[in-house]
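Here's the structure, in structure tokens; my notes come after.
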Amino acid sequence: MSVNNKIKVFFISLGCAKNLVDSQIMTECILNEGWEIVADPENADIIVINTCSFIQDAYKESAETITEMRRLKEEGQCKGIVVSGCLPQRYSTTVHTRFPFVDAFLGPDHIMEITNVIKNIMDGQRNIILAGETPSKIFEPSGKRRVVFSQGAYAYLKIAEGCNHFCSFCTIPSIRGRYRSRSIASIVREAENLLSAGFRELNLISQDTFSFGYDTGETITDLLRALSKLGNEFWIRLLYGYPCGLTEELLNVIAESDKICRYFDIPIQHASEKILKLMNRSHTVPFVKNMTERIRKILPNAVIRTTCITGFPGETNKDFEELHKYIIENQFDHLGVFVFSPEKDTKADSLPNRVTREEAEKRREILMLTQHDIMEKKHTSLVGKTDTLLVDSIEEGKRGRIKGRTMRFAPEIDGMVYIKKTNSAIKRGSFVPIIYTKLVDYDMEAEVFYEGRK
């Protein structure tokens, strides 16, 4: 098949929202060539799999997906498979041996080369490996065509790449390189494009959003002020903040703007000082201790999400009870709990006093049951209160429901809010006044709220 023909590409994006943005950039490159993105891999000439591999569960999912696509190359019309992202970067020296049927591997610094790689594959080239060196680039959307993979009225806006926090359990700095920020001007331009396209929630993401601009002389508060000046009704949501970056100035800037969600996503990882030191996060100890108190002092109604790890090497019953007590006392609105995953080439992998997987899972379950009780109490207290819903989607049919979120719920990781379809003027991206009526598991039901309603 000549590369001058319209090549059909099927795209699979695995992992986090930051990886999804990289998938969008590659898709833009493909569309700018005049090629076609297809919805069915059976119809694809090229299959691209953008992978995640920062922990073993993520590697397993990536490996299984790659292997599943092998059949289409051997039996179908697929001419080549491209694997990009974290997996080829982390395993650059062995990746071809692990997956010899894959035609090309691209690390994070090479995603903009996707179209040239596809052309080379269509010309018969194989065993292309562009990965291994420490990533140092940061990419901007092309501006020719803005691709957004979104299931609602929200979009992810990556403001920086890489990480400078060398947590002992984490592989991200070695996979993604050192922290590097985009310019505020470029982010504002992208935000304007997204708003013009109809998106009404901008989710700012990086490995640590609070550290934005440390390398450029700009700051996260500078960025928030600049974005808040944009027209239209829309929300700004900060995701993935590091505890040390939660300054009083940041809290005040959020308090001053009605466009910035009173929502904080700040992973603590643990509450035990001993465990935090073993995690190489000892500098976060004073920030973790009074984190929720500092937030709620300035923003009493703030919604706070955190994540933590159970079963870290050396975690005793006493350490776990300290974490459990911390979760109870701080009453988080949303909580994610992960079992420790030993990763090669991390310091934590060689730490003594391993906790059994069974015990780590048991501790995770205890925390999740505790959090469920906290969540149930918090969300039940919302019934009868009013809020503003951002509509993400509308089900077909007269009886279809409207699905959306209030500022309390981040996309894809928190619950949803459902209301009955009552007004044909309500569209995706509409802001609708609601009154909460019922808690359903982790979701909420609501009704449209009209002024003067009793």
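The values are calculated or read from the model by the stated rules, or taken from the named source; none is laboratory data. Just so we're clear, the structure is a prediction, and the values are computed from it rather than from any experiment. Methodologically, a virtual Cβ is constructed for each residue, glycine included, from the backbone with ideal geometry; neighbour enumeration extends over all protein chains shown.
Observations on the structure shown:
- Scanning the stretch 410-454 for residues that are more than 22 Å from the chain's Cα centre (by Cα) and basic (Lys, Arg) yields Lys420, Lys421, Lys427, Lys438, Arg453, Lys454.
- The residue that is farthest from the chain's Cα centre (by Cα), among those in the stretch 207-220 that are small (Gly, Ala, Ser) and not in a helix (DSSP H, G or I), is Gly217.
- Screening the candidates Phe312, Phe332, Phe338 for the property of being in contact with a helix residue (DSSP H, G or I) (Cβ under 8 Å, 6 or more places away or on another chain), crowded, with 20+ Cβ neighbours inside 10 Å and under 20 Å from Pro173 (Cα atoms) yields one hit, Phe312.
- Ser13 vs. criteria surrounded by fewer than 22 Cβ atoms within 10 Å (Cβ to Cβ), among the hydroxyl-bearing types (Ser, Thr, Tyr) and within 24 Å of Lys119 (Cβ to Cβ): no
- Selected residue (only one of Leu194, Leu223, Leu202 is surrounded by 19 or more Cβ atoms within 10 Å (Cβ to Cβ), touching a helix residue (DSSP H, G or I) at 6+ places or on another chain (Cβ under 6 Å) and either outside any strand (DSSP E or B) or on the phi > 0 side of the Ramachandran plot (or both)): Leu223
- Meets criteria (assigned to a loop (DSSP other than H, G, I, E, B) and over 24 Å from Ile413 (Cβ atoms)) for Ser174: no
- Unmet requirement for Met1, which otherwise passes all of (1) of a type outside the set (Asp, Glu); (2) touching a Pro at 6+ places or on another chain (Cβ under 9 Å); (3) modelled with pLDDT under 95: (2)
- Residue match in the stretch 47-61 (condition: within 21 Å of Met122 (Cβ to Cβ) and either assigned by TED's automatic domain parsing to the domain that holds Gly162 or not hydrophobic (A, V, I, L, M, F, W, C) (or both)): yes
- Qualifying residue in the stretch 244-264 (condition: assigned to a helix (DSSP H, G or I), assigned by TED's automatic domain parsing to the domain that holds Thr307 and under 27 Å from Ser136 (Cα atoms)): yes
- Screening Val355 against (1) surrounded by 16 or more Cβ atoms within 10 Å (Cβ to Cβ); (2) within 27 Å of the chain's Cα centre (by Cα) leaves a single unmet condition, (2).
- Looking only at the stretch 24-55, and only at residues there that are in a helix (DSSP H, G or I) and either of a type in the set (A, V, I, L, M, F, W, C) or free of Cβ contacts under 8 Å to residues at least 60 places away in the same chain (or both), the one that is surrounded by the fewest Cβ atoms within 10 Å (Cβ to Cβ): Glu42
- Evaluating Lys137 against the criteria (1) in contact with a Lys or Arg (Cβ under 9 Å, 6 or more places away or on another chain); (2) in contact (Cβ under 8 Å) with a residue 60 or more places away in the chain; (3) among the basic types (Lys, Arg) leaves one unmet condition, (2).
- Residue that is surrounded by the most Cβ atoms within 10 Å (Cβ to Cβ), among those in the stretch 227-263 that are among the hydroxyl-bearing types (Ser, Thr, Tyr) and over 15 Å from Thr209 (Cα atoms): Ser228
- Among strands (runs of 3 or more DSSP E) entirely within the stretch 373-420, having at least 1 residues that are surrounded by fewer than 20 Cβ atoms within 10 Å (Cβ to Cβ) and among the aromatic types (Phe, Trp, Tyr) singles out 417-420.
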